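Student: Here it is: the structure, laid out below.
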Amino acid sequence: MPEIKATINGNVLMGSAGQTVLGLAQAHGIEIPNLCHDPRLRPAGACRLCLVEVAGQRGLVPACTFQVADGMVVQTETEEIRAIRKTVLELLFAEHRGICTTCDKNGDCRLQKYGYEYQIADTAFAAPEANGNGKNYTTGNEAIRYRPEKCIRCGRCIRICQEVQMDSALTFKDRAAWVEVSTAFEMPLNDSTCKLCGQCISTCPTGALYERAAGGKGQAKDLTRTRTTCIYCGVGCQIDLNVNGNNQIVRVTSPVGVVPNNGNLCVKGRFGMEFVQSDKRLTTPLIKRDGVFQEATWDEALAVIAARFNEIKSAYGADGIGGLSSAKCTNEENYIFQKFMRAAVGTNNVDHCARLCHASTVAGLAKAFGSGAMTNSIDEIKHAGCIFVIGSNTTEAHPVIGLAIKEAVVRNGAKLIVADPRGIDLVRFAAVHLAHQPGTDVALINAMMNVIVSEKLHNEPFIRERTEDFAALLEVVRDFTPEKAEAITTVPAEAIRQAARLYATAPSSSIIYSMGITQHTTGTDNVLALANLALLTGNVGKESAGVNPLRGQNNVQGACDMGALPNVYPGYQSVEDALLRVKFQQAWGVALPEQKGLTVVEMMHAVEHDEIKALYIMGENPALSDPNLNRTRKAIEKVDFMVVQDIFLTETAEYADVVLPSTCFAEKDGTFTNTERRVQRVRKAVVPPGEARHDWEILCDLAGRMGYPMAYGSAAQIMDEIAALTPIYGGISFDRLQTAGLQWPCPNRQHPGTKYLHTDRFTRGKGKFHAVAFQSPAETPGQEFPFVLSTGRQLYQFHTGTMTRKSRAIHQVSPTGYVEVHAEDAVRLGIADGQMVEVSTRRGRVTTPARVTTGIEKGWLFMPFHFCEGPANALTQDALDPVAKIPEYKVCAAQIRAVP
Amino acid sequence: MDVDVLDRILAARPKVTATDLSPLLQEIQVGYGYLPPGVLLEMSRRTGIPASQIYGVATFYEQFHLEPHGRHTVRCCRGTACHVKGGHGMIQAVSRELGIAEGETTADMRFTFETVACLGTCFLAPVVMVDKDYYGNMTPTRVRGILDRYK
Ligand code: SF4
Ligand code: SF4
Ligand code: SF4
Ligand code: FES
Ligand code: FES
């Protein structure tokens, strides 16, 4: 953008064309009062508080809409301007019936701030009305409270809901003095199109919109804010925990202008922190004696574990013990966990639930590119020419990335292709929707490549210079016409052609995918097919393009990076590589096992065969999250000795012999690595309950008792050891993460981090095409089980619900599980909306209410997996992808019937 | 809910966006006599215009009614001048004659009864207005006769 020079209050400032006067002033620390402005919104020029004088302009102009020009001379604080601002404020206060003394927002309110600055006389205030108790659209809502008496009608809440969240739940209703914010027809907020993101609260300049639960728990001026990273998905939003003098998290805010979320959050981050203070938290170690848990001291509990582990080790060998690390814990804790298993116990039997979500990504992208992570950054999505979303219900599972996609389409004109059997929310924004049958992804993608090749839309120079094995690809896609794919996928051939053309001809095309691609027996094939598509069109190694797997849990990327996997040390360094093993043996001062270990599902099967006798489970809940639950539950019931380290007594912990209470993210320091490879800080904001200890401290203590001392003074020290041993984290240390995170690879302390991968060469050298032929899913519907059942996430809940289900705000909108069924199927089977139904598969049966919809194809069922009272995973199968060993959660044959 | 009228109105327009809302709502009001919320929600579904925006426009203009509206509108004045001169008696008389409270519509859809902050003709106080006709210096006894003129 061309540089321009303008003068504000006598200071000559450099700016860029297109910038507003307000933007330029703020960039240089000059304050201009403003009330209706938020950098996330289009300028509205509604409040008239930001008026300034521009030489040569008749009258004053609003700084928030007026664009700077070269040579412009601006005054922001003349007598005249101040007088007008004062009048504007007096008018606002004449309608404002709040009082600061009883207002939660006191200390963080723009109106209050300007009222003070301009010394608005008491006589200008309207008669106060501390508790407006008329009804409005938030009456009875547990999440959000609107108080019209404090509303200055700036419209920011309405605009952010429309322009950023794009759910358009809000409007002004009525006219003149009766104007208020409302939903359509004043329906209760939860019945409207609202997604409870709380963006409206975040932008409100006064106390008119506030978290209901935060009311009365402390005024803004008395809250301490600690910047940390959200725990509810791989986006890694930056949040500020606002804590009062009683060690209570009162509300969650988020700073505008900070990556990756720019002040935006989703319902879980904004309203899902009640669990931290839950009275169900574990506060002391528990030892099971005669089938009942009894409270124990740390000394007792750790002594029992050390003794039993050592016994089992000498009787069955170290491989008789298996450990599950956690994608919810920090990098430092995952590092310590795998070090504990490998060095203190002496086995590579360490894995975590990434196996269940993205193992096929890691395997597939490593084969094609050499590195199994999101190639590009979240921010780049906004400027992609074409976005191809496949198998990702982004607005529900990764809501803030959903915002970036919507922004790309609505504001920047990107073309969106959505391939999903369900009519997910993103379809509203799509140029093409491909509703393919579940499990037919390879057919769809191969047909797209067929179109690209036959219409000569592929990128020949890129293929020649940067890839290998193109001939093998041609072999499989040459005959795979869209017509052939139509027969398999049910997607019209013409739509496949259209999608292929959009993807291949845009200046940059970004593929975004998630569990709809990975959780199949053909998961690795699906990922390879997507990599082929990107290679074919040269859409990798450049900005706003790439192959972008969205990681589910907050630190699933980090847990993989830290080597909480059976085949690699931190940084994907193979345990079977002798040189690397020597490096780790020297660093850790102990001999390390040479064989790779077992994966999650394999460990459970090994328990059945008496090969694994003890399990150490940190922060995972396989008794609800693993496929074919009944089999998993049998395994953890059978295992001789099981330790669970968690913050709650989960379904899994119930089966444990020893339970250890750990601290949650709000109580500790550390780092998470988000889905775009960004290592970000986690900071302690509150004091842990009872005797709960940090996961890494517990593990170090235990290792010492088992004869392998490990000692660290802080999480920062652990990161220094990680950096020394892990080339991709080589330049990372806590002091560099103060203000923003760093994206790996970051090989040394001078390195600024890497925005997108594979720029000039692929991690493995050349990008490699893989010929993948279409294969049917492991289980297809038949007579006895005529439906296809798919499982997945829902916006409001996280994982097995142990944390989100403790929030009142979330409970109100998402009280229980359900199964989605198409309206026509429902009519045929006599199932009414909300009626209890029984869903069954070859493995089990579950009773849950039906949700009748047309947002799903006929013949299909969908169930979220978060709910213990109707556990979807009692139905799913543990058929595995042969390469990545990921189970097929997305497709199984099922039957449904009404429960009389 | 009868959506035939909505179908017809939408069919006559190739593509509707939020900028067409006022004329569109006018047609719907003519078609249904008022703006039934169910019809507006259906319109939101069909056109993609958010229901919130439709509601905002429908409540912004005085001409739009979200409840069934009578063929005629009786307005009594609640203003100070009228009040001083016994305006309250008119409100009671209209209410008694029509058998409905203010804000309501008679079952035969003949009248909707509203009260207004000031009808702007204080020199005629107390004032009653029916559709576009003003009746000044009113007395309760004249009410029935006036209402009888509107069928
Ligand atoms: S919204 Fe702001 S000005 Fe109004 S009462 Fe609260 S703190 Fe005071
Ligand atoms: S919470 Fe989000 S979706 Fe709901 S009204 Fe506010 S901005 Fe809109
Ligand atoms: S609620 Fe807040 S953001 Fe919305 S119009 Fe009122 S003052 Fe503005
Ligand atoms: S901030 Fe510029 S008019 Fe409101
Ligand atoms: S007070 Fe009745 S018309 Fe003005």
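Student: Taking A:H458, is it outside any helix (DSSP H, G or I) and within 24 Å of A:H770 (Cα to Cα)?
Tutor: Yes, satisfied.
Student: Here's a follow-up. Do you know which residues across region A:56-83 are open to solvent by less than 60 Å² (accessible area, probe 1.4 Å) and either within 15 Å of ligand 4 (Cβ to nearest atom) or within 14 Å of chain B (Cβ to nearest Cβ) (or both)?
Tutor: A:G59, A:L60, A:V61, A:P62, A:A63, A:C64, A:T65, A:F66, A:V68, A:V74, A:T76, A:I81
Student: Which one is farthest from A:F275 (Cα to Cα), of the residues in region A:661-707 that are within 17 Å of the chain's Cα centre (by Cα) and among the hydroxyl-bearing types (S, T, Y)?
Tutor: A:T675
Student: Also, quick follow-up: Do we find a residue being open to solvent by 20 Å² or more (accessible area, probe 1.4 Å), within 16 Å of ligand 1 (Cβ to nearest atom) and touching a helix residue (DSSP H, G or I) at 6+ places or on another chain (Cβ under 8 Å) anywhere in region A:210-225?
Tutor: yes
Student: Here's a follow-up. Looking at region A:633-654, which of its residues are without any contact (Cβ under 8 Å) to a residue 60 or more places away in the chain and over 23 Å from A:D279 (Cβ atoms)?
Tutor: Hits for region A:633-654 are A:R633, A:K634, A:A635, A:I636, A:E637, A:K638, A:V639, A:M642.
Student: Tell me whether region A:213-231 contains one or more residues that are within 13 Å of chain B (Cβ to nearest Cβ) and of a type outside the set (S, T, Y).
Tutor: No; the residues of region A:213-231 include none that is within 13 Å of chain B (Cβ to nearest Cβ) and of a type outside the set (S, T, Y).
Student: Moving on to the next point. Restricting attention to region A:159-177, report how many residues are without any contact (Cβ under 8 Å) to a residue 40 or more places away in the chain and more than 9 Å from every other protein chain (Cβ to nearest Cβ).
Tutor: Of the residues in region A:159-177, 1 are without any contact (Cβ under 8 Å) to a residue 40 or more places away in the chain and more than 9 Å from every other protein chain (Cβ to nearest Cβ).
Student: Please enumerate the residues belonging to region A:159-180 that are modelled with pLDDT of 95 or more and within 16 Å of A:H96 (Cβ to Cβ).
Tutor: Scanning region A:159-180 gives no hits.
Student: Of (1) in a helix (DSSP H, G or I); (2) touching a residue at least 40 places away in the same chain (Cβ under 8 Å); (3) farther than 14 Å from A:C700 by Cβ, A:T347 satisfies all except one. Which?
Tutor: Among (1) in a helix (DSSP H, G or I); (2) touching a residue at least 40 places away in the same chain (Cβ under 8 Å); (3) farther than 14 Å from A:C700 by Cβ, A:T347 violates only (1).
Student: Got a number for residues in region A:22-66 being β-branched (V, I, T) and under 22 Å from A:G263 (Cβ atoms)?
Tutor: Qualifying residue count for the region: 3.
Student: Next up: Say we look at region A:409-447 and pick out the residues that are charged (D, E, K, R) and over 13 Å from A:W860 (Cβ atoms); which of these is surrounded by the fewest Cβ atoms within 10 Å (Cβ to Cβ)?
Tutor: Only one residue tops the list, namely A:R411.
Student: Could you run through region A:194-212 and say how many residues are more than 15 Å from A:T139 (Cβ to Cβ), away from chain B (no Cβ under 14 Å) and not in a helix (DSSP H, G or I)?
Tutor: 8
Student: Find the residue count for region A:820-835, including only residues that are out of contact with any Gly (no Cβ under 8 Å at 6 or more places or on another chain) and within 30 Å of A:E274 (Cα to Cα).
Tutor: The number of residues fulfilling the criteria is 1.
Student: Of the numbered conditions (1) modelled with pLDDT under 95; (2) within 14 Å of chain B (Cβ to nearest Cβ), A:T395 fails exactly one; give the number of that condition.
Tutor: Condition (2) is where A:T395 drops out.
Student: Of the residues that sit in region B:89-109 and are within 12 Å of the chain's Cα centre (by Cα) and closer than 16 Å to B:R71 by Cβ, which one is nearest to ligand 1 (Cβ to nearest atom)?
Tutor: B:E104
Student: In addition: Taking only pairs six or more apart or across chains, which ones have beta-carbon atoms under 8 Å, a first residue in region A:83-103 that is free of Cβ contacts under 8 Å to residues at least 60 places away in the same chain, and a second residue that is open to solvent by 60 Å² or more (accessible area, probe 1.4 Å) and within 9 Å of ligand 1 (Cβ to nearest atom)?
Tutor: A:R97/A:P128; A:I99/A:P128
Student: Considering only helices (runs of 4 or more DSSP H) fully contained in region A:617-729, which possess at least 3 residues that are surrounded by 20 or more Cβ atoms within 10 Å (Cβ to Cβ) and among the aliphatic types (A, V, I, L, M)?
Tutor: A:629-638, A:695-705, A:715-725
Student: Would you tally the residues in region A:470-505 being under 16 Å from A:A534 (Cβ atoms), surrounded by 23 or more Cβ atoms within 10 Å (Cβ to Cβ) and either in contact with a Phe, Trp or Tyr (Cβ under 9 Å, 6 or more places away or on another chain) or not assigned by TED's automatic domain parsing to the domain that holds A:S454 (or both)?
Tutor: So the count comes out to 3.
Student: Quick check on my filter: what residues within region A:732-764 are open to solvent by less than 50 Å² (accessible area, probe 1.4 Å) and not in a loop (DSSP other than H, G, I, E, B)?
Tutor: A:F734, A:L737, A:L742, A:Q743, A:F762
Student: Just give me the residues in region A:538-576 being over 28 Å from A:D695 (Cβ atoms) and assigned to a loop (DSSP other than H, G, I, E, B), in sequence order.
Tutor: Matches in region A:538-576: A:G538, A:N539, A:V540, A:G541, A:K542, A:E543, A:S544, A:A545.
Student: Right, another one. Filter region A:203-219 for residues that are more than 28 Å from A:A44 (Cα to Cα) and out of contact with any strand residue (DSSP E or B) (no Cβ under 9 Å at 6 or more places or on another chain) and give the result.
Tutor: A:G216, A:Q219
Student: Follow-up question, since we're still on this one. Do the conditions hold for B:V116, that is, is it within 14 Å of another protein chain (Cβ to nearest Cβ) and closer than 20 Å to B:I146 by Cβ?
Tutor: yes
Student: Would you say A:V258 is touching a helix residue (DSSP H, G or I) at 6+ places or on another chain (Cβ under 8 Å) and either buried (at least 20 other Cβ atoms within 10 Å of the Cβ) or away from chain B (no Cβ under 14 Å) (or both)?
Tutor: no
Student: While we're looking at this one, here's another question. Listed residues A:R156, A:R147; which is out of contact with any Lys or Arg (no Cβ under 6 Å at 6 or more places or on another chain), away from chain B (no Cβ under 14 Å) and at pLDDT 95 or above?
Tutor: Within the list A:R156, A:R147, the selection yields A:R156.
Student: Next question. Can you list the helices (runs of 4 or more DSSP H) found entirely within region B:1-107 that contain at least 2 residues being under 20 Å from A:W178 (Cβ atoms), open to solvent by 40 Å² or more (accessible area, probe 1.4 Å) and within 14 Å of chain A (Cβ to nearest Cβ)?
Tutor: Per the criteria, B:51-60.
Residues are listed down the side, and each one gets a yes or a no for (1) part of a helix (DSSP H, G or I); (2) more than 24 Å from A:H694 (Cα to Cα); (3) assigned by TED's automatic domain parsing to the domain that holds A:L41:
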{"site": "A:V256", "(1), (2), (3)": "no, yes, no"}
{"site": "A:N261", "(1), (2), (3)": "no, yes, no"}
{"site": "A:N264", "(1), (2), (3)": "no, yes, no"}
{"site": "A:K268", "(1), (2), (3)": "yes, no, no"}
{"site": "A:Q294", "(1), (2), (3)": "no, no, no"}
{"site": "A:D299", "(1), (2), (3)": "yes, no, no"}
{"site": "A:L302", "(1), (2), (3)": "yes, no, no"}
{"site": "A:R308", "(1), (2), (3)": "yes, no, no"}
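The values are calculated or read from the model by the stated rules, or taken from the named source; none is laboratory data. Values in this document were obtained by computation on a predicted structure and should not be read as measured data. Every residue, glycine as well, gets a Cβ built from its backbone with ideal geometry; the counts of neighbours run over all protein chains shown. To get the accessible areas, we keep the full protein, side chains included, count just its heavy atoms, and leave off ligands, DNA and RNA. Shrake-Rupley method; radii C 1.70, N 1.55, O 1.52, S 1.80 Å.
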